[in-house]
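The next block holds one structure in the form of structure tokens; read it before the comments.
The values are calculated or read from the model by the stated rules, or taken from the named source; none is laboratory data. All of these numbers come straight from a predicted model, not from anything done at the bench. FYI the Cβ positions are ideal-geometry reconstructions off the backbone, even for glycines, and counts take in every protein chain you see. Just so you know, the surface numbers come from the protein's heavy atoms only, side chains and all, with ligands and any DNA or RNA stripped out. Shrake-Rupley method; radii C 1.70, N 1.55, O 1.52, S 1.80 Å.
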Amino acid sequence: MRLAVTLAAVSAVAAGAAVALASGAQAGSTLGASAAEKGRYFGTAVAAGKLSNSQYTGILDREFNMITPENEMKWDATEPSQGQFRYTSADQIVAHAQAHGQRMRGHALLWYQQEPGWAQNMSGSALRSAMMNHVSTVAGHYKGKIYAWDVVNEAFADGNSGGRRDSNLQRTGNDWIEAAFRAARAADPGAKLCYNDYNTDGINAKSTGVYNMVKDFRSRGVPIDCVGFQSHLGGLPPSDYQANLQRFADLGVEVQITELDISGSNQATAYANVVKACLNVSRCAGITTWGIRDSDSWRTGENPLLFDANGNKKAAYTATLNALNGPGSTVSTPPVSSPPPVSSSPGGGTGNGCTATVSLNQWDGGFVATVRVTAGSSAINSWTVTLPVPSGVTVTGSWNVTRSGNSWTNVSYNGHVEAGQYTEFGFQATGTASGLNPACSAA
Ligand code: XIL
């Protein structure tokens with residue numbers, strides 16, 4: 001009898017809790033649990049060197065269910081000498097995440113900052129090869145362990161140009177970003193592949209430049225699944241913050257807040273506004289703060305995080321938690337088709353051709369040629385460009401292609417091109433480019 005009463009009481013409480021949860025009144029009491037109730041994650045940047053600090057790991061494992069290594073997966077950390085990979089610190093963070101049921105964001109495969117010295121000193125085709133090898137090797141090492149990779153970080157210029165930032169990476173050819181995404185997809189097909197940047201938090205020239213790139217990638221079948229908005233803010237997010245997230249989401253990619261930290265006196269409101277914006281965009285998958293305690297922040301003295309130096313919850317924490325528990329889409333992030341949809345090829349086997357065009361970036365004594373292979377009215381699965389090298393020209397390196405004399409043939413990841421779409425390969429050479437007349441054939 002007593003047992004029956006107890007069981008009845010338990011089930012009544014359980015039913016009440018379910019009702020209360022559904023109405024949002026008694027939702028989660030940690031950032032991670034509350035985000036999960038909305039189908040989102042809540043993450044933080046972690047430094048491997050702090051994993052021995054029990055206050056730090058206590059907050060980490062209580063509040064966060066996604067981890068980004070703050071520095072340990074960057075190029076200078078993972079490939080300090082060319083071809084010699086070092087994963088010790090990053091692996092420590094991955095092991096911690098796996099032991100505590102947390103997922104990982106990988107950060108970052110290619111970035112113009114925190115390049116190892118040897119890469120800073122490289123350029124042209126040698127650098128391009130090193131970049132692709134880095135992407136393939138690191139993404140391959142972590143295959144199956146990464147929820148999303150920042151494949152390319154901060155490649156767009158600040159200001160009004162809307163164009164790319166100059167860097168030795170960019171100088172290897174404008175197609176470096178798509179080449180990196182293709183290499184990352186081949187190395188870890190299960191990871192979502194993101195482009196990540198800052199000052200892209202509202203609708204402005206820089207974010208529009210990124211938007212146009214993502215739109216172009218989606219239309220051409222370049223594998224991109226998500227866009228990261230760093231959101232290093234100095235007060236309230238821009239008034240069009242949510243609209244900006246939404247326009248990217250409408251391209252079919254997931255959006256993520258990747259490095260959130262906010263300085264200023266209206267910090268609590270600012271955090272709440274960011275959370276609300278994410279909850280209002282169904283493809284906003286989650287939020288990551290760039291550190292745990294103010295004393296962990298890279299923005300020294302600005303106290304931009306959710307916990308104070310003693311690990312206490314700040315007003316911004318409470319505002320964030322309340323916003324997570326407030327109204328907002330409870331729908332899980334819709335799956336993003338991968339690879340993205342491209343225009344379908346018409347049936348029939350006729351016109352299975354391609355065209356090739358060359359564009360040049362020349363200087364005194366050398367040049368980089370970018371060759372664009374455009375499929376005809378049907379999709380193609382492989383291609384060969386016949387391009388005789390003029391006398392006096394020596395090819396010193398090439399990318400996205402296999403060369404045999406005058407024949408330039410696709411590699412594994414760029415043979416398939418949808419009808420009317422294109423892919424590009426390139427080479428660097430000494431001498432003068434003249435009379436470069438490519439011919440294309442496809443199967
Ligand atoms: C920062 C780290 O927090 C610092 O520890 C490091 O000294 C420099 O990099 N954008 C990014 C992050 O994508 O990788 C940067 O992290 C902050 C800006």
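Restrict the check to the range 172-185 and report whether at least one residue is assigned to a loop (DSSP other than H, G, I, E, B) and of a type in the set (Val, Ile, Thr).
no
Just to be sure before I move on: is residue 151 in contact with a Ser or Thr (Cβ under 7 Å, 6 or more places away or on another chain) and within 16 Å of the ligand (Cβ to nearest atom) in the structure I sent?
Against the criterion (in contact with a Ser or Thr (Cβ under 7 Å, 6 or more places away or on another chain) and within 16 Å of the ligand (Cβ to nearest atom)), residue 151 does not qualify.
In the list 90, 130, which residue meets the criterion of being over 24 Å from residue 165 (Cα atoms), modelled with pLDDT of 95 or more and crowded, with 18+ Cβ neighbours inside 10 Å?
90
Every residue in the range 260-276 that is open to solvent by less than 10 Å² (accessible area, probe 1.4 Å) and either within 16 Å of the ligand (Cβ to nearest atom) or not aliphatic (A, V, I, L, M) (or both), please.
Of everything in the range 260-276, those that are open to solvent by less than 10 Å² (accessible area, probe 1.4 Å) and either within 16 Å of the ligand (Cβ to nearest atom) or not aliphatic (A, V, I, L, M) (or both) turn out to be 260, 261, 262, 271.
Only one of these is among the small types (Gly, Ala, Ser), farther than 30 Å from residue 367 by Cβ and crowded, with 18+ Cβ neighbours inside 10 Å: 119, 97. Name it.
Among 119, 97, only 97 is among the small types (Gly, Ala, Ser), farther than 30 Å from residue 367 by Cβ and crowded, with 18+ Cβ neighbours inside 10 Å.
Does the range 306-315 contain at least one residue that is within 16 Å of the ligand (Cβ to nearest atom), surrounded by fewer than 17 Cβ atoms within 10 Å (Cβ to Cβ) and modelled with pLDDT of 95 or more?
No, every residue in the range 306-315 fails to be within 16 Å of the ligand (Cβ to nearest atom), surrounded by fewer than 17 Cβ atoms within 10 Å (Cβ to Cβ) and modelled with pLDDT of 95 or more.
Under 7 Å by Cβ, and 6 or more places apart or on different chains, what pairs join a residue from the range 61-82 that is under 16 Å from residue 288 (Cα atoms) and in a strand (DSSP E or B) with one that is charged (D, E, K, R) and within 16 Å of the ligand (Cβ to nearest atom)?
Cβ pairs passing all conditions: 66/105; 68/105.
Is there any pair linking a residue in the range 276-293 that is assigned to a loop (DSSP other than H, G, I, E, B) to one that is within 16 Å of the ligand (Cβ to nearest atom) and not hydrophobic (A, V, I, L, M, F, W, C), with Cβ under 6 Å and at least six apart or on different chains, and which?
Correct list of pairs: 290/259; 290/261; 291/297; 292/44.
Could you tell me how many of the residues in the range 242-259 are part of a loop (DSSP other than H, G, I, E, B) and open to solvent by 20 Å² or more (accessible area, probe 1.4 Å)?
Counting residues in the range 242-259 that are part of a loop (DSSP other than H, G, I, E, B) and open to solvent by 20 Å² or more (accessible area, probe 1.4 Å) gives 2.
Please determine whether any residue of the range 203-211 is of a type in the set (S, T, N, Q), assigned to a helix (DSSP H, G or I) and open to solvent by less than 10 Å² (accessible area, probe 1.4 Å).
yes
How do the pairs read when you match residues in the range 107-134 that are in a loop (DSSP other than H, G, I, E, B) with residues anywhere that are within 12 Å of the ligand (Cβ to nearest atom) and of a type in the set (A, V, I, L, M, F, W, C), using Cβ under 7 Å and keeping only pairs 6 or more apart or on different chains?
Here the result reads 114/75; 115/75; 116/75, each pair linking the range 107-134 to a residue that is within 12 Å of the ligand (Cβ to nearest atom) and of a type in the set (A, V, I, L, M, F, W, C).
Could you please find all residues in the range 411-435 being crowded, with 18+ Cβ neighbours inside 10 Å and under 12 Å from residue 369 (Cβ atoms)?
424, 425, 426, 427, 428, 429
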